[in-house]
1. Say each of LEU42 and LYS72 gets a label point 7 Å from the Cα, pointing the same way as Cα to Cβ; how far apart are those two points in nm?
2. So for each of 271-278, 90-97 I average, over its residues, the number of other beta carbons within 10 Å; can you give me the resulting order with the highest mean first?
3. How big is the charge dipole of the stretch 208-264 about its Cα centre, in debye rounded to the nearest 20, if each Lys and Arg gets +1 on its Cβ and each Asp and Glu gets -1 on its Cβ?
4. How far apart, in nm, are two points set 7 Å out from the Cα along the Cα-to-Cβ line at ILE226 and at LYS374?
5. Give me the percent relative contact order of the stretch 221-373, please, defined on Cα pairs under 8 angstrom at least 6 residues apart.
6. Mind grabbing the base-10 log of I(q)/I(0) for the stretch 222-263 at q = 0.15, 0.24, 0.31 Å⁻¹? Debye formula, identical points on the C-alpha positions, no solvent, two decimal places.
7. For LEU260 and ALA35 in the same chain, what is the full-extension length gain: residue separation times 0.36 nm, less their Cα-Cα distance, in nm?
8. What's the magnitude of the charge dipole for the stretch 221-373 around its Cα centre, counting Lys and Arg as +1 and Asp and Glu as -1 at the beta-carbon? Answer in Debye, nearest 20.
Amino acid sequence: MKLEWKTCLKIGVTAAVIFLFVTYWESMIALLGVALSAAKPLLIGCLIAYVVNILMSFYEKYYFKGKKFQNKKWVSKSKRMVCMLLAYISVVGILFLIFSLVVPQLIECGKLLVNEIPVVLSKATEYVQNNEQLMKMLGEAGISIQQNSLSDWEDVLKQVAAFIASGIGGVMGSVFSVVSGVFSGAVTLLIGVIFSIYLLLGKETLFTQVKRICKTYCKDTVYRKISYVYHVFNDSFRKFIVGQCTEAVILGALCVVCMLIFGFPYATMIGVFIGFTALIPVAGAYIGAAVGAFMILTVSPVQALLFLLFIVVLQQVEGNLVYPKVVGSSIGLPGIWVLSAVTIGGGVLGVGGMLLGVPIAAACYQMLKADVKKRNIK
């Protein structure tokens, strides 16, 4: 077999790259981290553009739909800009509604709970002191409960104030770090939004350019495989986002209606928050339930326990009836693989991994299923 110089060159370059990665692995990882950090605003912009494009495409589909508007120049010229603006306004409006409903009530519940802590501790101390058997058991354990030792909050506050005053330098440093982090995050988000706008305005041109580059530098068989993988992943992510948002709206609405029927406090706010956290597959609703139980606890501990029981029942109904129909059927991924994808994705990348794990697993599942079917036919 005669080796051509191009084949030898490819082998040599591949071997050199592998050698460099093995020898300078830590430096390569550090360089990759720097590159990802520098490209973070652009990556965020791509993510924003992908999500907003789903809404924008929906608005474009119904923008002055009708035969009498098909040949109107002002319709075709204004379609992209108007629909993109409506999509951004919709996303911002939904986020503003959620935070305006949840955050103020959450702060008020926190204040109320903090105000109730001294009363609860005082009652607990009084109960322990009046119970001879408990006092005896605590005494044998070496624990001494003095009168008003847990209710003297003025001394505690003075000690806290003295501690803050002594460590004011560290506190100011922490405040500066938080402020700088928030400012940096806001700038990154702003750059990402601007980049997403440019992507959405010229998405057809950009797609055509990428397609032309792939056709130029890749063989037809490789190009077809790349195109196939792209369409499978794009379809999987799009269906997952639409299905997950639909499922979150259904779950939030069911939660609000049922909580109003059973007379739970903060029904609207907790229902909206649970619907928002339900965007995280499987675990999201339970995160929202924990926050909701914390808020109801400030009103009634018994109602908080009943609320947790209600959420467990609601989650079972939603998980067995709503989720398989809305999300499971849309992405074509069995429930066991959804749970596996959420678990592994969450363990690797946290909440982001939970969101990315399901559509990635669904795309891989579809490609594997198609390949197995193709090979069995042969």
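No value in this document is a laboratory result; all are computed from the given coordinates. All values derive from a computational prediction rather than experimental measurement. When we count neighbours, we look across all protein chains shown, and the Cβ atoms used for this are built from the backbone with ideal geometry, even at glycine.
1. 3.9
2. Values: 271-278: 24.4, 90-97: 12.0.
Going from most to least packed, we get 271-278, 90-97.
3. Numbers: 8 positive and 3 negative charges, 117 e Å.
Rounded to the nearest 20 debye, it is 560 debye.
4. It works out to 1.7 nm between the two label points.
5. Values: 157 pairs, mean separation 39.5, N = 153.
Normalised by residue count, the contact order of the stretch 221-373 is 26 percent.
6. These q points yield log10 I(q)/I(0) values of -0.53, -0.77, -0.92.
7. On the way: separation 225, 0.36 × 225 = 81.00 nm, distance 5.06 nm.
The span from LEU260 to ALA35 would gain 75.9 nm if fully extended.
8. Numbers: 7 positive and 4 negative charges, 100 e Å.
Computed charge dipole of the stretch 221-373: roughly 480 debye.
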